[in-house]
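All remarks here apply to the structure that follows.
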Amino acid sequence: MGDEPRNGEFQSDHRGAFGEYGGESGGLIDRSFRERIVLVGVTMPDGSTDETEASLDELSLLVDTAGADEVGRVVQRRQAPDPATYVGKGKAQEIKDVSLAVDSDTVVFDDELSPAQQTNLEKILGRSALDRTAVILDIFAQNASSSEGKAQVELAQLKYRLPRLRSTGRSYSQQGGGIGTRGPGETQLEVDRRRLVRRVHKLEDDLRRLRKTRTTQAKARKRTSNRGVSLVGYTNAGKSTVLNRLTDAGVLAEDRLFATLDATTRRLQLPGGEMVFMTDTVGFVRKLPTELVEAFKSTLDVVIDADLLLHVVDASAPDPQANIDVVRRTLREIGAIDVPELLVFNKSDQAPNVDAWVARFPGSVAMSAMDGTGTENLLAAMGDRLRSMSALVELLIPFERGDVMAMVHREGQVLTEMATDDGLVVRARLDADSTGRLRQWIVGQSDGDQTHDEVTS
């Protein structure tokens with residue numbers, strides 16, 4: 001990392017792009033130039049230097065996606081964060097020296113800073129001090145396209161900014177006269193805080209209504225035989241490309257972090273005839289901000305309510321296991337860890353060791369969403385996994401009850417039909433809801449992973 005400005009670009013104002021909150025664009029970054037960033041990582045006793053470096057490598061990609069360049073890196077080992085500056089006053093001075101040497105505009109810390117720590121650091125550094133959360137929020141602000149996505153990102157940004165509002169020292173005189181009305185009025189800080197709080201409440205109400213709508217839609221889907229499949233995975237693992245390959249969804253798929261934020265649902269018919277709804281969701285990263293998890297609750301509910309998760313893994317990544325662990329940790333945080341999971345090792349055309357990863361996780365599949373290799377195996381695995389969740393039932397349906405027979409065909413997978421003196425004996429796979437609605441016609445039942453012959457009347 002040299003100390004010369006890149007591409008002849010030079011920025012003398014150290015507040016820079018990351019430094020100001022708000023603005024007409026609503027983002028944290030001004031993309032009229034490529035900002036120069038120094039990254040700071042801290043290794044605590046429960047972590048390792050390798051983990052810190054891996055997290056900083058990811059932060060560097062996030063900074064690049066946000067429209068800036070890494071020009072320096074500082075790593076520290078501490079027993080506990082310093083309450084005033086997170087890294088300690090001496091280390092903060094060292095970071096300042098590095099920033100001056102490489103002519104950086106902003107310093108980005110890999111861990112979340114408190115408002116007081118951020119203020120103290122900016123006084124010492126003489127330039128903006130931001131954390132990973134601010135960078136991720138800015139990327140989300142760039143990529144949100146739907147009204148729902150924009151509202152979720154704005155809510156997360158406002159919650160992040162609210163405790164970081166700074167006083168300008170201005171106050172307003174109260175209007176009117178008489179006892180109790182004279183004297184200094186509200187400060188600009190109080191006015192700004194009240195405006196932000198009102199906006200936060202408005203966004204929360206809007207998203208709460210949207211969440212109720214999603215819940216109603218999920219209940220309606222549960223009453224049908226169509227299963228819900230959600231695509232989850234580390235950001236840039238290729239989830240949107242997988243959705244496009246399977247359903248011709250036509251959603252945006254780019255080789256960059258958080259290219260897709262808005263949930264997209266498409267219908268897919270599996271080789272066995274089952275119809276499923278596939279939903280693409282936002283990607284996960286290390287240290288995903290709490291504000292984002294809360295703001296995207298309505299979107300992430302799709303994951304919680306899914307019948308099956310397609311966990312897409314970039315098989316060509318430097319450490320696929322670490323990415324798998326990050327996704328599973330996030331699923332645990334949002335309450336979706338118990339949803340059945342099918343591991344899909346994507347980008348097999350770029351990963352010569354993909355077979356070793358498939359062998360390491362029995363039941364997983366490998367594919368390349370770009371060229372379609374392994375698509376048939378994925379569809380077959382999805383069908384097998386979903387069928388294993390259904391019960392094999394045997395029904396005796398009177399000949400005159402054509403409506404019941406139609407319901408069985410509509411809501412389940414009919415395996416065999418045989419005419420007897422008493423009516424039609426039908427063997428089919430049905431989910432729990434359909435089994436309950438057809439219980440008066442059921443004469444035999446077994447678990448979904450048993451063979452047909454194990455269903456007895």
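Can you find a residue that is under 25 Å from the mean Cα position of the chain (by Cα), assigned to a helix (DSSP H, G or I) and either modelled with pLDDT of 90 or more or among the polar types (S, T, N, Q) (or both) anywhere in region 19-29?
No: zero hits.
In region 58-150, which helices (runs of 4 or more DSSP H) lie fully inside it and hold 2 or more residues that are modelled with pLDDT of 90 or more and surrounded by fewer than 18 Cβ atoms within 10 Å (Cβ to Cβ)?
89-102, 115-125
Looking at LEU207, is it closer than 24 Å to PHE296 by Cβ, among the hydrophobic types (A, V, I, L, M, F, W, C) and modelled with pLDDT under 80?
It is false that LEU207 is closer than 24 Å to PHE296 by Cβ, among the hydrophobic types (A, V, I, L, M, F, W, C) and modelled with pLDDT under 80.
Name the single residue, out of those in region 259-284 being among the β-branched types (Val, Ile, Thr) and at pLDDT 85 or above, that is farthest from the chain's Cα centre (by Cα).
Looking at residues that are among the β-branched types (Val, Ile, Thr) and at pLDDT 85 or above, I get VAL276.
Any chance you could count how many residues in region 397-426 are touching a residue at least 60 places away in the same chain (Cβ under 8 Å), part of a strand (DSSP E or B) and in contact with a helix residue (DSSP H, G or I) (Cβ under 6 Å, 6 or more places away or on another chain)?
Looking only at that region, the number is 0.
Any idea which of (1) assigned to a helix (DSSP H, G or I); (2) surrounded by 22 or more Cβ atoms within 10 Å (Cβ to Cβ); (3) touching a Gly at 6+ places or on another chain (Cβ under 7 Å) is the one LEU392 doesn't satisfy?
If we test LEU392 against (1) assigned to a helix (DSSP H, G or I); (2) surrounded by 22 or more Cβ atoms within 10 Å (Cβ to Cβ); (3) touching a Gly at 6+ places or on another chain (Cβ under 7 Å), just (1) comes out false.
Could you go through region 443-452 and let me know if any residue there is modelled with pLDDT of 90 or more, in a loop (DSSP other than H, G, I, E, B) and under 26 Å from THR247 (Cβ atoms).
Looking for residues that are modelled with pLDDT of 90 or more, in a loop (DSSP other than H, G, I, E, B) and under 26 Å from THR247 (Cβ atoms), one finds none in region 443-452, hence no.
Could you list, in sequence order, all residues of region 58-90 that are under 25 Å from ASN323 (Cβ atoms) and without any contact (Cβ under 8 Å) to a residue 24 or more places away in the chain?
SER60, ASP64
Cβ contacts < 7 Å: first residue of a type in the set (Lys, Arg), restricted to region 255-283; second residue modelled with pLDDT under 75, any location; separation 6+ or different chain. Result?
Filtered contacts from region 255-283: ARG266/ALA249.
The values are calculated or read from the model by the stated rules, or taken from the named source; none is laboratory data. Not measured: the values here are computed from a predicted model. We place every Cβ from the backbone using ideal geometry, glycine too, and count neighbours over all the protein chains shown.
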